[in-house]
Amino acid sequence: MNKLLNHSATSMSDLVSQPLPEFKILGQPVNLATDYLPWLVNRLQQGIGTHVVTMNAEIVIQATQNPKLSEIIHKADLVTPDGSGIIMALRLHGVEQPRCAGIDLGEDLLRLAGKSEYNYPVFFYGGKPAIVQQAAQKWQTELPNLNIVGIEHGYINTEEQAKLLERIQAAQPKIILVALGVPQQEIWIHEHFHLCPEAIWIGVGGSFDVWSGVKNRAPQLIRKLDLEWMYRIAKEPSRWRRALALPQFAMLAVIERIQHQDKLTPK
Ligand code: UDP
């Protein structure tokens, strides 16, 4: 668990309130920090909402081809470096930055919300019906004080969608976990953020599948070696088409670095 979860509310509010520094990779922003949680807690305590995008190579490539997604990412309040491709691209520019995977940040936020001194209401939206139930149940068991104010699966019709929005607005959760996959979750958050303008809205992709126990996360060693993406392809070969974005991203990131170097080198 993140060590900063143990800080008192006062010391939290003294921490970062400035916008986080930003670096652009292939035109897409990534915010830099060693730990994003204090910054997020600070905003929660000030009643400032946050749309969090957890960036990876696949999203960057999608954004270069999808202007709407690109605009949403630029408007998001926080873009964390989720994928190891992003970390490597930053390193090409001499920027050393730890990875911040959406699933880890989601877990940190839930642990924070489950602390009695915070008790932030939480909403789970997305994933298959049984999956989202099991994921929420896992956290309720692990964090008995967790105040889950709503659960909804990600395959609802238009009528149910309208009801979902009413439920979210009425419940005013402070942490809204959205697991619809990219770019649906980013678009959905962008469109409905105004319903709870003081909440943290975060797209967490396949995290509910992992929390429900249906899928396994890569072992620690594989994550440490920055090979979680390879583990996911090995486990789900159907992801190979999505994985094509990875070499494309690597090539474009290297080209961008070379062009940047050329601009710096006097002719
Ligand atoms: N999903 C959903 N509704 C949809 C499409 C997808 O709830 O219409 C869910 C899906 O069940 C899965 C998640 O979105 O739980 C996407 O997971 P994926 O592994 O693709 O996300 P990643 O972690 O790669 O971003």
Could you say whether any residue in the range 227-248 is polar (S, T, N, Q) and under 21 Å from K24 (Cβ atoms)?
-> yes
Counting only strands (runs of 3 or more DSSP E) wholly inside the range 61-167, the ones holding at least 3 residues that are under 24 Å from D226 (Cα atoms) and at pLDDT 95 or above are 78-81
The helices (runs of 4 or more DSSP H) lying wholly within the range 200-246 that contain at least 1 residues that are touching a helix residue (DSSP H, G or I) at 6+ places or on another chain (Cβ under 6 Å), hydrophobic (A, V, I, L, M, F, W, C) and within 13 Å of the ligand (Cβ to nearest atom) are 207-211, 228-235, 240-243
Going through the range 104-135 in order, the residues found to be open to solvent by 20 Å² or more (accessible area, probe 1.4 Å) and within 14 Å of the chain's Cα centre (by Cα) are D104, E107, D108
If we keep only residues of the range 136-190 that are among the acidic types (D, E) and within 15 Å of the ligand (Cβ to nearest atom), then the residue surrounded by the most Cβ atoms within 10 Å (Cβ to Cβ) is E186
Residue pairs within 8 Å by beta carbon, gap of at least six or interchain, first lying in the range 82-106 and of a type in the set (K, R), second more than 16 Å from the ligand (Cβ to nearest atom) and outside any loop (DSSP other than H, G, I, E, B), listed first then second, are R99/I87
Filtering the range 191-218 down to residues that are open to solvent by less than 50 Å² (accessible area, probe 1.4 Å), touching an Asp or Glu at 6+ places or on another chain (Cβ under 9 Å) and of a type in the set (D, E, K, R) yields R217
The condition of being out of contact with any Lys or Arg (no Cβ under 7 Å at 6 or more places or on another chain), farther than 15 Å from Y125 by Cα, open to solvent by less than 90 Å² (accessible area, probe 1.4 Å) and at pLDDT below 90 holds, among R242, R223, only for R223
Checked against (1) within 10 Å of the ligand (Cβ to nearest atom); (2) in contact (Cβ under 8 Å) with a residue 24 or more places away in the chain; (3) not in a loop (DSSP other than H, G, I, E, B), A250 satisfies every condition except (1)
Of L69, L78, L90, the only residue that is over 14 Å from the mean Cα position of the chain (by Cα), within 18 Å of W201 (Cβ to Cβ) and surrounded by 18 or more Cβ atoms within 10 Å (Cβ to Cβ) is L69
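The values are calculated or read from the model by the stated rules, or taken from the named source; none is laboratory data. In this text, all values refer to a predicted model and were calculated from it rather than measured experimentally. Cβ coordinates were reconstructed from backbone atoms using ideal geometry, including for glycine residues, and neighbour counts include every protein chain displayed. Note: accessible area is taken over every heavy atom of the protein model, side chains too, but ligands, DNA and RNA are not part of it. Shrake-Rupley method; radii C 1.70, N 1.55, O 1.52, S 1.80 Å.
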